[in-house]
Amino acid sequence: MKKIVASLLLGSITLALAACGNESTYPQQSPPQNEEQVTESKGLVDSAYQALFQDSVFFGDSITEGLSFHDVLQEENVLAGAGKTAEFALQDMDELTKRDPKRIFIHLGSDDILWPTDNPKAYSMKNYAKLIDTIKEKLPQAKITLLTVTPVTAEAEQKEPRYKNINDYNQGLKELADEENLGIVDLSPIFSNGSNDLYDSDGIHFKPEFYARMLDLLKDQAE
C-alpha cells in the first residue's frame, strides 16, 4: 500500500512540474510564499522518493552519494563513496549483502574513466562484470539496473580531457548490460535542454534538483 501511495504522490508531483527548460523538480501548485513553504514542498517530494525507493540501494561513487548527501534518499538506500570504481566497489559486497535490497541501481564509471592504466575502459569493464556476477551470486533475487555515466560541463572536460571518453564508456556499459541480461537506464535525457544549472561548481557533481529528475526517470524501475 505504501508503494501505491508513493507512486500516486510522485505522479502528482511530476504532473505539477513547470513545463519550461529551466523547470523546477518541486511541486508548483502555487508559488511558494516564503522559505518555510519551499522547505515543506521539498520535504513532500523527498518523502515520496524515499517511500518509492525504500527497497532499493543505489550503489556507486561520489555522484551517487549525492542522493543521501542532499537528503533526497535515506542513507540506508545509498551505498557509495568518493573515488569508488567498479574494482573498489567489490569491497562493499558484505555491506550490500547485509542490506539485502530488492533492487540495486549501479552508478559507477566517473572515476573508472580516470584510472591510470593503458586501457581504463577495458580494465573497468572487467571489474564491472565481476561485480555484477558477485551480486548475482550473493543476492540472486535482486533486480540489477545499470545507470550510464553522467556528462560533465565543457569547462570540466577542458580541465580533464579524459572525460571526453564518457560516451564511449557508456557504450561499453550498454554492451555489458546486454551480455549480463540486465536493464540499463540512459541518464542523458536529463540534460536534453542543456541544464547546466543542475551542476555544482566543479561541473561534475550535482545539485539536489538533478537527483529529483533522476529518480523521476527511474520511478518505473522501482515499482
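Under the condition of being free of Cβ contacts under 8 Å to residues at least 12 places away in the same chain and either of a type in the set (A, V, I, L, M) or assigned to a loop (DSSP other than H, G, I, E, B) (or both), which residue from region 196-221 is least open to solvent (accessible area, probe 1.4 Å)?
The selected residue is D200.
Mind counting the residues in region 115-133 that are surrounded by 14 or more Cβ atoms within 10 Å (Cβ to Cβ) and not in a helix (DSSP H, G or I)?
Of the residues in that region, 1 qualify.
Residues in region 134-189 that are part of a strand (DSSP E or B), open to solvent by 30 Å² or more (accessible area, probe 1.4 Å) and in contact with a Gly (Cβ under 9 Å, 6 or more places away or on another chain): how many?
Going through region 134-189 one residue at a time, the tally reaches 1.
Can you tell me which residue in region 61-88 is farthest from P120 (Cα to Cα), limited to those that are hydroxyl-bearing (S, T, Y) and in contact with a helix residue (DSSP H, G or I) (Cβ under 7 Å, 6 or more places away or on another chain)?
That would be S68.
Would you kindly identify the helices (runs of 4 or more DSSP H) lying entirely within region 1-114 that contain at least 3 residues that are open to solvent by less than 10 Å² (accessible area, probe 1.4 Å) and modelled with pLDDT under 95?
Of the helices (runs of 4 or more DSSP H) lying wholly inside region 1-114, those with at least 3 residues that are open to solvent by less than 10 Å² (accessible area, probe 1.4 Å) and modelled with pLDDT under 95 span 2-15, 35-52.
For the structure I just gave you, tell me whether P161 is farther than 29 Å from K219 by Cβ and at pLDDT below 95.
For P161, the condition - farther than 29 Å from K219 by Cβ and at pLDDT below 95 - is not met.
Report every pair of residues separated by at least 6 positions or lying on different chains whose Cβ atoms are under 6 Å apart, first residue within region 104-125 and without any contact (Cβ under 8 Å) to a residue 40 or more places away in the chain and under 16 Å from A89 (Cβ atoms), second of a type in the set (S, T, Y) and open to solvent by 10 Å² or more (accessible area, probe 1.4 Å).
Hits for this filter: Y123/T117.
Would you check if there is a residue in region 165-175 being modelled with pLDDT of 95 or more, touching a Leu at 6+ places or on another chain (Cβ under 8 Å) and under 28 Å from Q50 (Cα atoms)?
Scanning region 165-175 turns up at least one residue that is modelled with pLDDT of 95 or more, touching a Leu at 6+ places or on another chain (Cβ under 8 Å) and under 28 Å from Q50 (Cα atoms).
Residues that are in contact (Cβ under 8 Å) with a residue 12 or more places away in the chain and within 16 Å of the chain's Cα centre (by Cα): does region 153-164 have at least one?
No; the residues of region 153-164 include none that is in contact (Cβ under 8 Å) with a residue 12 or more places away in the chain and within 16 Å of the chain's Cα centre (by Cα).
The values are calculated or read from the model by the stated rules, or taken from the named source; none is laboratory data. Bear in mind the structure is a predicted one, so any value in this text is a computation, not a measurement. Cβ atoms come from the backbone with ideal geometry, glycine included; neighbour counts cover every protein chain shown. What goes into the accessible areas is simple: the full protein's heavy atoms, side chains included, and nothing from ligands, DNA or RNA. Shrake-Rupley method; radii C 1.70, N 1.55, O 1.52, S 1.80 Å.
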